[in-house]
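Since the structure comes first, as C-alpha coordinates, the remarks are kept for the end.
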Amino acid sequence: MSSTAWATDWPEGVLARYLTAGGAHVDLTSRRFRTNYTAQGRPYVSDHWREVDGFTWQCRGCDTRGSVNAFGDPYLPDERNKAHNDANRHAAECRSMPRPTR
Ligand SMILES: [Zn+2]
(Lines give C-alpha, C1' and ligand atoms only; values in the text may rest on other atoms or scores of the structure.)
Protein backbone atom coordinates (compact mmCIF):
# COMPACT_ATOMS: atom_id res chain seq x y z
CA MET A 1 0.00 0.00 0.00
CA SER A 2 1.43 3.37 -0.94
CA SER A 3 1.45 6.20 1.52
CA THR A 4 -0.29 9.37 0.46
CA ALA A 5 -0.12 12.92 1.72
CA TRP A 6 -3.77 12.86 2.78
CA ALA A 7 -3.51 9.54 4.64
CA THR A 8 -0.92 10.71 7.13
CA ASP A 9 -1.91 11.54 10.68
CA TRP A 10 -3.33 14.98 11.21
CA PRO A 11 -1.64 17.27 13.71
CA GLU A 12 -3.33 17.38 17.09
CA GLY A 13 -6.28 19.73 17.22
CA VAL A 14 -7.00 19.74 13.51
CA LEU A 15 -10.77 19.47 13.00
CA ALA A 16 -10.80 19.57 9.22
CA ARG A 17 -8.22 19.70 6.48
CA TYR A 18 -8.50 21.07 2.97
CA LEU A 19 -6.05 20.54 0.12
CA THR A 20 -4.79 23.42 -2.04
CA ALA A 21 -4.32 23.05 -5.78
CA GLY A 22 -0.59 22.91 -5.08
CA GLY A 23 -0.92 20.16 -2.49
CA ALA A 24 -0.51 22.16 0.74
CA HIS A 25 -2.91 21.73 3.64
CA VAL A 26 -5.34 24.25 5.07
CA ASP A 27 -6.01 23.18 8.66
CA LEU A 28 -9.11 24.20 10.58
CA THR A 29 -8.60 24.20 14.35
CA SER A 30 -10.49 25.31 17.39
CA ARG A 31 -9.26 28.47 19.03
CA ARG A 32 -9.99 29.69 22.56
CA PHE A 33 -10.13 33.47 22.83
CA ARG A 34 -11.77 36.31 24.67
CA THR A 35 -14.59 38.23 23.09
CA ASN A 36 -17.24 40.74 24.05
CA TYR A 37 -19.70 39.41 21.49
CA THR A 38 -22.73 37.95 23.25
CA ALA A 39 -23.91 34.34 22.85
CA GLN A 40 -26.16 35.64 20.08
CA GLY A 41 -23.05 36.33 18.04
CA ARG A 42 -22.30 39.20 15.73
CA PRO A 43 -23.17 42.03 15.78
CA TYR A 44 -24.28 41.88 19.44
CA VAL A 45 -21.67 43.09 21.88
CA SER A 46 -21.76 43.76 25.61
CA ASP A 47 -19.32 45.28 28.07
CA HIS A 48 -18.77 41.79 29.49
CA TRP A 49 -15.79 39.86 28.12
CA ARG A 50 -15.98 36.08 28.09
CA GLU A 51 -13.85 33.18 26.92
CA VAL A 52 -15.18 31.11 24.04
CA ASP A 53 -14.02 28.17 21.94
CA GLY A 54 -14.15 29.46 18.41
CA PHE A 55 -12.30 28.52 15.25
CA THR A 56 -9.50 29.56 12.98
CA TRP A 57 -7.64 28.06 10.06
CA GLN A 58 -4.16 28.31 8.65
CA CYS A 59 -2.74 27.51 5.23
CA ARG A 60 0.48 25.54 5.77
CA GLY A 61 1.62 26.49 2.27
CA CYS A 62 1.31 30.28 2.15
CA ASP A 63 0.79 30.88 5.89
CA THR A 64 -2.50 32.74 5.43
CA ARG A 65 -4.54 32.66 8.64
CA GLY A 66 -8.30 32.54 8.67
CA SER A 67 -10.11 35.45 10.21
CA VAL A 68 -13.47 37.14 10.10
CA ASN A 69 -11.98 40.61 9.63
CA ALA A 70 -8.87 42.66 8.99
CA PHE A 71 -7.99 42.60 12.70
CA GLY A 72 -7.30 38.86 12.68
CA ASP A 73 -10.21 37.96 14.96
CA PRO A 74 -11.04 34.22 15.09
CA TYR A 75 -14.45 32.82 14.23
CA LEU A 76 -17.03 32.73 17.01
CA PRO A 77 -18.42 29.34 18.15
CA ASP A 78 -21.53 29.82 15.98
CA GLU A 79 -19.42 30.66 12.92
CA ARG A 80 -18.05 27.15 12.39
CA ASN A 81 -19.71 26.80 9.00
CA LYS A 82 -18.26 30.10 7.86
CA ALA A 83 -14.82 28.98 9.02
CA HIS A 84 -15.17 25.75 7.01
CA ASN A 85 -16.40 27.64 3.95
CA ASP A 86 -13.59 30.21 4.12
CA ALA A 87 -10.92 27.52 4.60
CA ASN A 88 -12.34 25.54 1.70
CA ARG A 89 -12.47 28.65 -0.50
CA HIS A 90 -8.87 29.52 0.33
CA ALA A 91 -7.76 25.97 -0.50
CA ALA A 92 -9.59 26.14 -3.84
CA GLU A 93 -7.87 29.40 -4.81
CA CYS A 94 -4.42 28.85 -3.27
CA ARG A 95 -1.78 27.18 -5.41
CA SER A 96 0.92 26.95 -2.74
CA MET A 97 2.84 23.74 -2.32
CA PRO A 98 3.76 22.02 0.92
CA ARG A 99 6.93 23.27 2.54
CA PRO A 100 9.84 20.86 2.72
CA THR A 101 9.77 19.11 6.07
CA ARG A 102 13.51 19.78 6.62
ZN1 LIG B 1 -2.62 29.35 0.95
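The values are calculated or read from the model by the stated rules, or taken from the named source; none is laboratory data. Everything numeric in this text was worked out from a predicted model, so none of it was measured. Glycine also receives a Cβ, built like all others from the backbone with ideal geometry; neighbour counts cover every protein chain displayed. The protein model used for the area step is the full one, side chains on, heavy atoms only, and it has no ligands, DNA or RNA in it. Shrake-Rupley method; radii C 1.70, N 1.55, O 1.52, S 1.80 Å.
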Exercise for the section: First compute the accessible area of the chain with a 1.4 Å probe, then give the percent of it belonging to carbon and sulfur atoms. Expected result: 50 percent
Completion exercise
The longest stretch of the chain containing none of the chymotrypsin sites (Phe, Trp or Tyr not before Pro) that sit in a DSSP loop with at most 11 other Cβ atoms within 10 Å is 1-43
Practice task
Can you work out the PRE-style zone for residue 78? Point 7 Å along Cα to Cβ, and I want the residues of region 41-70 with backbone N under 12 Å.
Solution key: 41-45
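For the chain, with only Lys/Arg (+1) and Asp/Glu (-1) charged at the beta-carbon, what is the dipole magnitude about the Cα centre, in debye rounded to 20?
Working: 14 positive and 12 negative charges, 49 e Å.
Roughly 240 debye, rounded to the nearest 20.
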Fill in the blank from the handout: Counting only DSSP loop positions in region 7-100, the GluC sites (Glu not before Pro) whose Cβ has at most 16 other Cβ atoms within 10 Å are 12
Fill in the blank from the handout: Of 25, 84, 48, the most mobile residue in a GNM of the chain (C-alpha springs, cutoff 10 Å) is 48
Exercise for the section: With a 1.4 Å probe and every protein chain left in place, work out the accessible area per residue of region 11-93 in Å², rounded to a whole number. Expected result: 58 Å²
